[in-house]
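The values are calculated or read from the model by the stated rules, or taken from the named source; none is laboratory data. The structure presented is a predicted model; accordingly, all values stated were derived computationally and were not measured. Neighbour counts are summed over all protein chains in view; Cβ atoms, including those assigned to glycine, are modelled from backbone coordinates with ideal geometry.
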Amino acid sequence: MRSSSRTILVYGLMLACVTVCCSRQAAIPRTADGRPDLQGIWQVRNRASYNLEDHVARHGMPAGTGVVQGGPIPYQEWAAKRKIENAANRQNDPLANCYLPGVPRIMYMEFPFQIFQTPDHIAMTFEWSQVHRTVYTNGVPAPEGIDFWMGDSRGRWEGDTLVVEVSDHNDRTWFDMAGNFHSEELTLVERYTMVNADTIQYEVTITDPKVFTRPWTIAMMLHRSEAARIFEYQCQAEAEEANGAFEPDPKTWYPGPGAPVTIPAEWKGDTGESAWKPPARKGAIRRMPDGKPDLQGYYMPDGGGGNYGLGKHEQDFLTPGGRGIIVDPPDGILPMQAWAKLEAEDRKTPERGYDDPTAHCFVAGVPRSMYVPSPLQILQPPGHLVILHERMSWRTIPLDGRPHLPDHIRLWQGDSIGRWEGDTLVVDTANLNGKTWLNEVGEIVSHAERVVERFTPIDADTIHYEATVTDPLVYTRPWTIALPLNRQKDELLEVACHEDNQDLAHLKDIRDAARAKRRK
Amino acid sequence: MRTRRVALFLVATIAAIVLPAAAHHSFSAEYDSAKPLKMSGKVTEMRWANPHAWIYIDVVGKDGKAVNWAWETGGANALYRRGWRKEDLVAGTMIVIDGFQARNGSRTANATSITFPDGRKLFAGSSSQNPATK
């Protein structure tokens, strides 16, 4: 009798040990530096974005179980009234206006997001409106005297849990569609704990002495998505296309004329097989542990005025001049077809200023994102190159040799696939939607656009960037631009653009007045 | 505070030369080269925003009545990187500001430069190759 209970005890202990060991070692993927590997595409399976608390269904708002721990949200009296007002005025929901959702709301919207991890940074890229977050795990403190829609995130590891302190919030975001809200005194502590390879336990402690009587906590699971990549939901662009504020341009938008597009056989120099030579090295370059060039850092592109004309041009009133960044063709002039020259001239007129997608705060596309006068951050997590643009957009570039998306899937930033050729990262971008302009003066690309970019470090702090654009609907031959990306000591801030964009209304007045005059 | 502001303006003057402003739309389309403006007035509000910050000033006309004008400047991020903070341009500050009026005829203008009563100039940062910075 005694012997058998001892046997059961021993087996029980062994089983317990195996279970613990397995769940700790086999079940959780780890990065090279031994941290839990949070990388992948994640998504909630709950209804928290509609209401953090238990709720029954209402119009446009499916029912759901609450995620608030230990009782109702502890509002102060005035704030409880304000919450009820918010709930009755859902048109004021920042998300109904496509504003940045803030943290934590972006984490539990029903849109997937991707986590990328390096020792110093954890980046999150969201399907929703190309929002991104950077969690700094390099020990640098948060900036002072500035606030952000998405807050400022600083992380540290406590054992296997990533703990992120989020501060510097503004007071303009809500927690959910039900009008739960906060003030600018909000601070968050997020905790990310992998419970198995496909699940992250996500907890947030919410503190705001102006609105709540005590800190409170929400908890939920993030589930790994089986999707190979995330697409785009450009909230404001979709809204404006639906309500007519942003008009389609059949000359350039997909599917438009000429789809499917074939590249003339005599066009060369577009895919890297031609005699491309790397730029001269000017100094030692940084390298990753695997020997590949280390491109990571904060860069300011020296765009040479490309955002105001890719060729050499003088300042024209408030449009800055440019040194000309076209290196091929040798004359430095964009080789536009006749129709495109006329169209570009038209786009340059004041009434067409409204039609530039970036005037609407839509993403700049490729290659314009690389020479708009705005900084970018490059991360090199395993298997990817990630570019985060301060003007809220991102590009995630897999380096695993996967094929492009099916041709009918078209995106503002396209589908970028990268590969190393020596010390040059070659990025091939297809699946562009033809909605973007090359710059403010209306130089043109269409959905037939294909871009091959080359990122070559020429010293420790400079990347020589080249982009070859092949667009047989618009041009008579491929053309190439070149410019330096200069590493600087700084961090990305946040450009919330459409949220406070006052210029678009003026540009619309100018367009409408011109149209009215023509009708007379 | 005063010392800090003086330092900030020095930073601003140096930084303005190397930092391009981040226009997200065509200023030439929005503003009218035929309508240059120069006015002095009292700051009523500094709206700290991206992609552009806005300075609102009350300008007293010949009839003695104050009219509010909106002046567009560089974005909040550019101002922050030049050492500006939200509270630095306080309501009540007198400034002289010049630039160009919007084509739509509204009381809106693009700031080329801002001058304080003691003569110090602050590049507004709306246009990246502003003559004031050369």
If I filter segment A:348-357 for residues that are within 14 Å of another protein chain (Cβ to nearest Cβ), farther than 19 Å from residue A:432 by Cβ, crowded, with 24+ Cβ neighbours inside 10 Å and in contact with a Gly (Cβ under 7 Å, 6 or more places away or on another chain), do I get at least one hit? no
Output the residues belonging to segment A:164-183 that are assigned to a strand (DSSP E or B) and in contact with an Asp or Glu (Cβ under 7 Å, 6 or more places away or on another chain). A:164, A:166, A:167, A:169, A:174
Count, please, the residues in segment A:131-148 that happen to be touching a residue at least 40 places away in the same chain (Cβ under 8 Å), assigned to a loop (DSSP other than H, G, I, E, B) and either in contact with an Asp or Glu (Cβ under 6 Å, 6 or more places away or on another chain) or more than 16 Å from residue A:394 (Cβ to Cβ) (or both). 3
Output the number of residues of segment A:278-322 satisfying the condition of being outside any loop (DSSP other than H, G, I, E, B), modelled with pLDDT of 95 or more, within 14 Å of another protein chain (Cβ to nearest Cβ) and buried (at least 17 other Cβ atoms within 10 Å of the Cβ). 8
Can you name the number of the only condition in (1) part of a helix (DSSP H, G or I); (2) out of contact with any Asp or Glu (no Cβ under 8 Å at 6 or more places or on another chain) that residue A:408 fails? (1)
Out of segment A:432-446, which residues are within 22 Å of the chain's Cα centre (by Cα) and of a type in the set (Val, Ile, Thr)? A:436, A:445
Residue in segment A:418-435 that is free of Cβ contacts under 8 Å to residues at least 24 places away in the same chain, of a type in the set (A, V, I, L, M, F, W, C) and surrounded by fewer than 22 Cβ atoms within 10 Å (Cβ to Cβ) present: no
Residue A:422 versus (1) within 14 Å of another protein chain (Cβ to nearest Cβ); (2) farther than 27 Å from residue A:497 by Cβ: which is the lone unmet condition? (1)
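Evaluate the following for residue B:70: is it within 30 Å of residue A:306 (Cβ to Cβ), at pLDDT below 95 and not charged (D, E, K, R)?
Values: within 30 Å of residue A:306 (Cβ to Cβ): yes; at pLDDT below 95: no; not charged (D, E, K, R): yes.
No.
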Residue under question is residue A:172, and the condition is that it be basic (Lys, Arg) and within 14 Å of chain B (Cβ to nearest Cβ); does it hold? yes
State all residues of segment A:323-357 that are charged (D, E, K, R) and either assigned to a helix (DSSP H, G or I) or more than 31 Å from the chain's Cα centre (by Cα) (or both); if no residue qualifies, say none. A:331, A:341, A:343, A:345, A:346, A:347, A:351, A:352, A:355
Return a yes/no flag: does segment A:436-450 have any residue that is closer than 20 Å to residue A:324 by Cα, more than 14 Å from every other protein chain (Cβ to nearest Cβ) and buried (at least 20 other Cβ atoms within 10 Å of the Cβ). yes
Return the residue satisfying two criteria in turn: it lies in segment A:483-520 and is at the interface with chain B (Cβ under 7 Å from one of its Cβ atoms) and under 30 Å from residue A:379 (Cα atoms), and of such residues it is surrounded by the fewest Cβ atoms within 10 Å (Cβ to Cβ). A:493
How many residues does segment A:358-395 hold that are in a helix (DSSP H, G or I), more than 10 Å from every other protein chain (Cβ to nearest Cβ) and either surrounded by fewer than 23 Cβ atoms within 10 Å (Cβ to Cβ) or touching a Ser or Thr at 6+ places or on another chain (Cβ under 9 Å) (or both)? 2
Would you be able to tell me the number of residues in segment B:43-78 that are within 22 Å of residue B:103 (Cα to Cα), surrounded by 19 or more Cβ atoms within 10 Å (Cβ to Cβ) and more than 11 Å from every other protein chain (Cβ to nearest Cβ)? 5
Which residue, of A:123, A:48, A:79, is part of a loop (DSSP other than H, G, I, E, B), crowded, with 19+ Cβ neighbours inside 10 Å and in contact (Cβ under 8 Å) with a residue 60 or more places away in the chain? A:48
Residues of segment A:51-69 classified as over 14 Å from residue A:93 (Cβ atoms), surrounded by 17 or more Cβ atoms within 10 Å (Cβ to Cβ) and in contact (Cβ under 8 Å) with a residue 40 or more places away in the chain, total: 4
For segment A:251-273, state whether one or more residues are farther than 20 Å from residue A:442 by Cβ and at pLDDT 95 or above. no
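For segment B:100-114, give me each residue that is of a type outside the set (A, V, I, L, M, F, W, C), in a strand (DSSP E or B) and more than 7 Å from chain A (Cβ to nearest Cβ).
B:101, B:112, B:113
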Here the residues within segment B:82-99 that are at pLDDT 90 or above and facing chain A (nearest Cβ under 10 Å) are B:99
